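Visitor: What follows is a single structure, and I will ask about it in a moment.
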Amino acid sequence: MKEEFEGTPEWSDELLARRRKRAAVMGWVLAGFVVLFFLVTVVKLGSNIVQRAL
Amino acid sequence: MANNSTDLPVFDTSVPRADDVSDATKEMVSEMASAADYFELLKPRVMSLVVFTTLIGMIMAPTGADGGVHPVVAFTALLLIALGAGASGALNMWYDADIDANMERTRTRPIPSGRVSKDSALGFGLTLSAGSVMCLGVFVNWLSAGLLAFTIFFYAVVYTVWLKRHTAQNIVIGGAAGAFPPVVGWAAATGTVDVLPVLMFAIIFFWTPPHFWALALLKNKDYTENNIPMMPVVAGSKNTRFQILAYSLVMAGFAALPALLGHAGLFYALFSTALSAVFVAMSFWLFIAPDARQAAASKALFAYSILYLFLLFAGFPADKLIGI
């Protein structure tokens, strides 16, 4: 038998903690991508600047 | 349910199932998920093989006059290809949640165990798919992005939706999805596709049936009960074991081709021959094994098949390094 939640779910400490942890991981992942994409942009831009016609 | 210090109800995270439940339940299920649950949706073990074969494709790609792809770009490509492959795994888990729930091997996955809702898994898979393909196109090149998109489509739609539940050739045709990563890696490094990555594709393509059918023989009861037409369910054990042997021979032939066509040297030729000989011998043993030994032979072949692919692909850069 499936147990279902009715109405608006309430927040327990455990759920809040899980949400906080998910948000923190997501934040770190996004920050990592920001740094990575910045570095890729610098690398690609850098090589183009070196190779531009003078 | 026990109350905590704030007098709010504590939900039993193991109870609700993620399928066919109310919106409130779905919301609760998605709030119960941890970051590790979402990571599990990416099928990390499959992803490790994808990362490895992609890396080999990139390493073996010619560097050209400009010194080849920059390490930062190469790392980004590898990460995005891994995420794309993981996204297709999440979409597979979303679609297959019903059968996963009934199979011993898969019932602890995040969706059937109620840790992640189906909607969340779908959103996660689609977002990662689109994001990985777009970013690969923008930051690396559009050929590799196109190939990655096709790989995701092939696994999530062609294999999961069309083939898996409808034909015993599901693994044979669907194996193409797992064979693409070295081609995508090569394309990411060079912007082109050449003979060697196509041979790598062929090796993985013909490796997949013996690898997966060895597992399917062991899990035949689960597949039969869930009406999944895996080869052992449809054709029986003996026929499947014969096909495993046949595909192993074809795979061994393709594993030898890089050396025969001059894309690898003597080290790879000897190394791949030895590895393939063991693979074929184990397939032959499985084919002739008496009933009492078949489970052990299947298990051994399945385990060796994973080791085989890792070692064979490691043989490419090792051969390049040794240079004989």
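The values are calculated or read from the model by the stated rules, or taken from the named source; none is laboratory data. Since the model is a prediction, treat every value here as computed from it, not as a measurement. No Cβ is skipped: glycine too gets one built from the backbone with ideal geometry, and neighbour counts run over all protein chains shown. Areas reflect the complete protein model, heavy atoms only, side chains present, ligands, DNA and RNA absent. Shrake-Rupley method; radii C 1.70, N 1.55, O 1.52, S 1.80 Å.
Visitor: I'm told B:Ala85 meets every condition in (1) surrounded by fewer than 22 Cβ atoms within 10 Å (Cβ to Cβ); (2) under 15 Å from the mean Cα position of the chain (by Cα) except one. Can you identify the failing condition by its number?
Guide: (1)
Visitor: Which numbered condition trips up B:Gly137, out of (1) open to solvent by 20 Å² or more (accessible area, probe 1.4 Å); (2) out of contact with any Phe, Trp or Tyr (no Cβ under 9 Å at 6 or more places or on another chain)?
Guide: Result: B:Gly137 passes all but (1).
Visitor: Anything in segment B:94-110 that is of a type in the set (Asp, Glu) and open to solvent by 10 Å² or more (accessible area, probe 1.4 Å)? List them, or say none. Explain how you work it out, then say what you get.
Guide: Just the residues of segment B:94-110 that are of a type in the set (Asp, Glu), to begin with: B:96, B:98, B:100, B:104.
Within segment B:94-110, B:Asp98, B:Glu104 qualify.
Visitor: While we're on this one: In segment B:35-71, how many are surrounded by 16 or more Cβ atoms within 10 Å (Cβ to Cβ) and either touching a strand residue (DSSP E or B) at 6+ places or on another chain (Cβ under 6 Å) or within 14 Å of chain A (Cβ to nearest Cβ) (or both)?
Guide: Residues flagged as surrounded by 16 or more Cβ atoms within 10 Å (Cβ to Cβ) and either touching a strand residue (DSSP E or B) at 6+ places or on another chain (Cβ under 6 Å) or within 14 Å of chain A (Cβ to nearest Cβ) (or both) within segment B:35-71 amount to 9.
Visitor: So A:Gly46 ticks every box in (1) at pLDDT 70 or above; (2) more than 26 Å from B:Glu40 (Cβ to Cβ); (3) open to solvent by 90 Å² or more (accessible area, probe 1.4 Å); (4) not hydrophobic (A, V, I, L, M, F, W, C) but one. Which box is left unticked?
Guide: Result: A:Gly46 passes all but (3).
Visitor: Tell me whether segment B:242-251 contains one or more residues that are closer than 21 Å to B:Pro317 by Cα and either open to solvent by less than 40 Å² (accessible area, probe 1.4 Å) or modelled with pLDDT under 95 (or both). Reasoning before the result, please.
Guide: Here is the first cut: in segment B:242-251, the residues closer than 21 Å to B:Pro317 by Cα are B:251.
From the residues that got through so far, the ones that are either open to solvent by less than 40 Å² (accessible area, probe 1.4 Å) or modelled with pLDDT under 95 (or both) too are B:251.
Yes, because at least one residue in segment B:242-251 is closer than 21 Å to B:Pro317 by Cα and either open to solvent by less than 40 Å² (accessible area, probe 1.4 Å) or modelled with pLDDT under 95 (or both).
Visitor: While we're looking at this one, here's another question. With the structure loaded, tell me whether B:Leu91 is more than 21 Å from B:Leu215 (Cα to Cα), surrounded by fewer than 24 Cβ atoms within 10 Å (Cβ to Cβ) and assigned by TED's automatic domain parsing to the domain that holds B:Ala188 or whether it fails that test.
Guide: Details: more than 21 Å from B:Leu215 (Cα to Cα): yes; surrounded by fewer than 24 Cβ atoms within 10 Å (Cβ to Cβ): no; assigned by TED's automatic domain parsing to the domain that holds B:Ala188: yes.
In short, no.
Visitor: Taking B:Ala121 as meeting all but one of (1) in contact with a Phe, Trp or Tyr (Cβ under 6 Å, 6 or more places away or on another chain); (2) free of Cβ contacts under 8 Å to residues at least 40 places away in the same chain, write down the number of the exception.
Guide: Going through the list (1) in contact with a Phe, Trp or Tyr (Cβ under 6 Å, 6 or more places away or on another chain); (2) free of Cβ contacts under 8 Å to residues at least 40 places away in the same chain, B:Ala121 breaks only (2).
Visitor: Which of the following residues is out of contact with any His (no Cβ under 9 Å at 6 or more places or on another chain), small (Gly, Ala, Ser) and over 21 Å from B:Ala177 (Cα atoms): B:Ala87, B:Ala101, B:Ala61, B:Ala77? Lay out the reasoning, then the answer.
Guide: On the way: B:Ala87 fails: over 21 Å from B:Ala177 (Cα atoms); B:Ala61 fails: over 21 Å from B:Ala177 (Cα atoms); B:Ala77 fails: over 21 Å from B:Ala177 (Cα atoms).
None of the other options fit; the residue is B:Ala101.
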